[in-house]
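Trainee: Here's a structure for you.
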Amino acid sequence: MVDMDWKRKMVSSELPNSPKLSSKLHVTIPSPFKIVPVSSPISCSAPALCSAYELYLRLPELRKLWSSRDFPTWTSEPILKPALQALEISFRLVFAVYSDTRPYINHREWNRRLDSLVTNQIQLVAAICEEEGESAEAPVSDGRSSLSLLPQLATWRRSEALGKKILSTIDNEMSRCKYTLGLGEQNIAGKPNLRYDAICRPNKIYSLKDNPFADHIDNQENQTLYIIHQILESWIYASGNLLNRIVSSIEEEKFEKASNDVYLLEKIWKLLAEIEDLHMLMDPEDFLKLKKQLQIKSTGKNDAFCFRSKGLVEMMKMSKDLRQKVPAVLAVEVDPTGGPRLQEAAMKLYATKGECDKIHLLQGMQAVEAAAKSFFFSYRQLVAAMMGSAETNATASQESCDSLSQIFMEPTYFPSLDAAKTFLGEFWSHLG
């Protein structure tokens, strides 16, 4: 129990229309207050496994496309380029699913999931475009894309309905942006088109349509697995650049911009979970056969399959490291003695509401934590559903639970904010 003088500690002791309280308020606050490094259970798998994963997905070649800077003065290119490439690869997934002639595939649910997947990506792309300032030098022209798969999907009999719906979605979602994507959407407003082909390079993306096992593995799910993970990795790469921008914005005290970006990051984490969920539509036997053909197996020792993605591991670590920016947002230094300096600053910020951008940013950081932990919780359930619960149990050591469980069972990454909200909750619960 901590006995604190609420009139001194609270920012505003004379709250409007509040009943008069005793000057003492007894509140149980989570301890310890001191911010200490939180050991993370997340780490990459063995180098050989990570290398095999990268070679299967042809990530070295994809990475060259993601990282190329064709328009150096366009500040959004490092984020938008891999995002648009993920969207283009999603069009290839649509083509692959609609070309699948297996009679036992759930085409109806695939149609719904693909619609949702593409729509959510377009919404994210539009949100990234909206965040561009007036001085942004986005490359635009009057021409439309001649290389994207989307115009073909909108005219092919099997995918025509979904293709046209995607074009309509682009029109709707890009309505608040200064330009549109130029993929064949109506563009009634006559806005300039993004130079999609020059940015995305659909022909280069399409040249990576086959994985190294395409020639000697006769399994339709091989292509599905390959495309799903290329989409996933493209968004992971985009999020890394977004995280760098968030950190820079905080250091430059551009808290509104950082707040907007941190909510984009939360949406990307949720999108990654949606992408992973597409595995549930793969045929169980065909998938398990493919698992054997690709020699995918757990080595134990807390080796979850997702940890073979170096990008995902780094994205999680960077998301977690946002906690180190809380003192900068609150404009206070961490008390070396472990005192409640950060908690008091957070309570002051929440109570006065004078700097809303900071409140939004801190809320967004906690939203990112929730979304990231939810991703790994969902992933663990997905692995069990696809491969059996024995597969998830195989990654647990005798001393502890598996590494995925450790992630979502970790204490909060933001103990100062947690303690501040606990105190405020107790304070208001004692009113009246």
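The values are calculated or read from the model by the stated rules, or taken from the named source; none is laboratory data. Just so it is clear, the structure is predicted and the values come from calculations on it, not from any experiment. Glycine also receives a Cβ, built like all others from the backbone with ideal geometry; neighbour counts cover every protein chain displayed. Ligands, DNA and RNA are excluded from the accessible area calculation, which covers all protein heavy atoms including side chains. Shrake-Rupley method; radii C 1.70, N 1.55, O 1.52, S 1.80 Å.
Trainee: Is at least one residue of the range 111-121 over 18 Å from ILE227 (Cα atoms) and in contact with a helix residue (DSSP H, G or I) (Cβ under 8 Å, 6 or more places away or on another chain)?
Mentor: Taking the range 111-121 first, the residues over 18 Å from ILE227 (Cα atoms) are none.
Scanning the range 111-121 turns up no residue that is over 18 Å from ILE227 (Cα atoms) and in contact with a helix residue (DSSP H, G or I) (Cβ under 8 Å, 6 or more places away or on another chain).
Trainee: Separate question: What are the residues in the range 237-252 that are in contact (Cβ under 8 Å) with a residue 40 or more places away in the chain and open to solvent by less than 10 Å² (accessible area, probe 1.4 Å), if any?
Mentor: ALA238, SER239, LEU242, LEU243, ILE246, ILE250
Trainee: Quick check on the range 265-307: of everything there that is out of contact with any helix residue (DSSP H, G or I) (no Cβ under 9 Å at 6 or more places or on another chain) and without any contact (Cβ under 8 Å) to a residue 12 or more places away in the chain, which residue is nearest to GLU221 (Cα to Cα)?
Mentor: So, considering only residues that are out of contact with any helix residue (DSSP H, G or I) (no Cβ under 9 Å at 6 or more places or on another chain) and without any contact (Cβ under 8 Å) to a residue 12 or more places away in the chain, the one nearest to GLU221 (Cα to Cα) is GLU285.
Trainee: Among the numbered conditions (1) open to solvent by 50 Å² or more (accessible area, probe 1.4 Å); (2) at pLDDT 95 or above, tell me where THR352 comes up short.
Mentor: (2)
Trainee: Something else: How many residues does the range 121-163 hold that are open to solvent by 30 Å² or more (accessible area, probe 1.4 Å), under 25 Å from LYS267 (Cα atoms) and in a helix (DSSP H, G or I)?
Mentor: Of the residues in the range 121-163, 2 are open to solvent by 30 Å² or more (accessible area, probe 1.4 Å), under 25 Å from LYS267 (Cα atoms) and in a helix (DSSP H, G or I).
Trainee: Tally up the residues in the range 269-302 that are more than 18 Å from VAL97 (Cβ to Cβ) and not in a helix (DSSP H, G or I), please.
Mentor: 9
Trainee: Further question: Among the candidates ALA370, ALA390, ALA331, ALA304, which residue alone is surrounded by fewer than 17 Cβ atoms within 10 Å (Cβ to Cβ) and either among the charged types (D, E, K, R) or under 24 Å from the mean Cα position of the chain (by Cα) (or both)?
Mentor: Being surrounded by fewer than 17 Cβ atoms within 10 Å (Cβ to Cβ) and either among the charged types (D, E, K, R) or under 24 Å from the mean Cα position of the chain (by Cα) (or both) holds for just one of ALA370, ALA390, ALA331, ALA304, which is ALA370.
Trainee: Continuing with the same structure: Which residue pairs have Cβ atoms under 7 Å apart, sit 6 or more places apart or on different chains, and have a first residue in the range 200-227 that is on the phi < 0 side of the Ramachandran plot and a second that is at pLDDT 95 or above and of a type in the set (Ser, Thr, Tyr)?
Mentor: Once the first residue is on the phi < 0 side of the Ramachandran plot and sits in the range 200-227, its partners that are at pLDDT 95 or above and of a type in the set (Ser, Thr, Tyr) give PRO202/SER148; ASN211/TYR56; ASN211/TYR226; PRO212/TYR56.
Trainee: Report, by residue number, each residue of the range 99-120 that is surrounded by fewer than 17 Cβ atoms within 10 Å (Cβ to Cβ), in contact (Cβ under 8 Å) with a residue 12 or more places away in the chain and not in a helix (DSSP H, G or I).
Mentor: Passing the criteria: ASP100, ARG102, TYR104, ASN106.
Trainee: Does LYS358 qualify as being charged (D, E, K, R), modelled with pLDDT of 95 or more and more than 14 Å from the chain's Cα centre (by Cα)?
Mentor: Values: charged (D, E, K, R): yes; modelled with pLDDT of 95 or more: yes; more than 14 Å from the chain's Cα centre (by Cα): yes.
In short, yes.
Trainee: Under 13 Å from ARG92 (Cβ atoms) and free of Cβ contacts under 8 Å to residues at least 24 places away in the same chain - does that describe any residue in the range 176-195?
Mentor: no
Trainee: State the number of residues belonging to the range 257-293 that are within 19 Å of ALA384 (Cα to Cα), among the aliphatic types (A, V, I, L, M) and either open to solvent by less than 60 Å² (accessible area, probe 1.4 Å) or modelled with pLDDT under 95 (or both). Reasoning before the result, please.
Mentor: Within the range 257-293, the subset within 19 Å of ALA384 (Cα to Cα) is 272-292.
Filter again for among the aliphatic types (A, V, I, L, M), leaving 272-273, 275, 278, 280-282, 288, 290.
Subsequent filtering for residues that are either open to solvent by less than 60 Å² (accessible area, probe 1.4 Å) or modelled with pLDDT under 95 (or both) retains 272-273, 275, 278, 281-282, 290.
Of the residues in that region, 7 qualify.
Trainee: Counting only residues that are without any contact (Cβ under 8 Å) to a residue 60 or more places away in the chain and of a type in the set (A, V, I, L, M), how many does the range 350-369 have?
Mentor: 2
Trainee: Considering only the range 54-98, state which residues are polar (S, T, N, Q), touching a Lys or Arg at 6+ places or on another chain (Cβ under 8 Å) and assigned to a helix (DSSP H, G or I).
Mentor: Correct list: GLN85 only.
Trainee: Still on this structure, please answer the following. What's the number of the condition LYS310 fails, among (1) open to solvent by less than 50 Å² (accessible area, probe 1.4 Å); (2) under 18 Å from ILE407 (Cβ atoms); (3) in contact with a helix residue (DSSP H, G or I) (Cβ under 6 Å, 6 or more places away or on another chain)?
Mentor: (1)
Trainee: Filter the range 409-432 down to residues that are modelled with pLDDT under 85 and either part of a helix (DSSP H, G or I) or under 21 Å from LEU382 (Cβ atoms) (or both), then give me how many there are. Steps first, please.
Mentor: To start, the set of residues in the range 409-432 that are modelled with pLDDT under 85 comprises 427-432.
Going one step further and asking which of them are either part of a helix (DSSP H, G or I) or under 21 Å from LEU382 (Cβ atoms) (or both), we end up with 427-429.
Residues that pass the stated criteria total 3.
Trainee: Collect the residues in the range 21-62 that are open to solvent by less than 70 Å² (accessible area, probe 1.4 Å), more than 22 Å from the chain's Cα centre (by Cα) and at pLDDT 90 or above, keeping them in residue-number order.
Mentor: Listed by number, the residues that qualify are ALA46, LEU49, SER51, ALA52, TYR56.
Trainee: Further, regarding this structure: Being at positive phi and among the basic types (Lys, Arg) is the requirement here; does ARG102 meet it? Spell out how you get there, then give the answer.
Mentor: Details: at positive phi: no; among the basic types (Lys, Arg): yes.
Taking the combined requirement at face value, the residue does not satisfy it.
Trainee: Here is a follow-up. Filter the range 206-236 for residues that are among the charged types (D, E, K, R), farther than 15 Å from LEU272 by Cα and buried (at least 19 other Cβ atoms within 10 Å of the Cβ) and give the result. Working first, answer last.
Mentor: Quick first cut of the range 206-236, residues among the charged types (D, E, K, R) only: 209-210, 215, 218, 221, 233.
Then keep just the ones that are farther than 15 Å from LEU272 by Cα; that gives 209-210, 215, 218, 221.
Hit for the range 206-236 is GLU221, nothing else.
Trainee: Now for a different question. SER168 fails exactly one of the following numbered conditions: (1) more than 20 Å from PRO139 (Cβ to Cβ); (2) crowded, with 16+ Cβ neighbours inside 10 Å; (3) in contact with an Asp or Glu (Cβ under 9 Å, 6 or more places away or on another chain). What is the number of that condition?
Mentor: (2)
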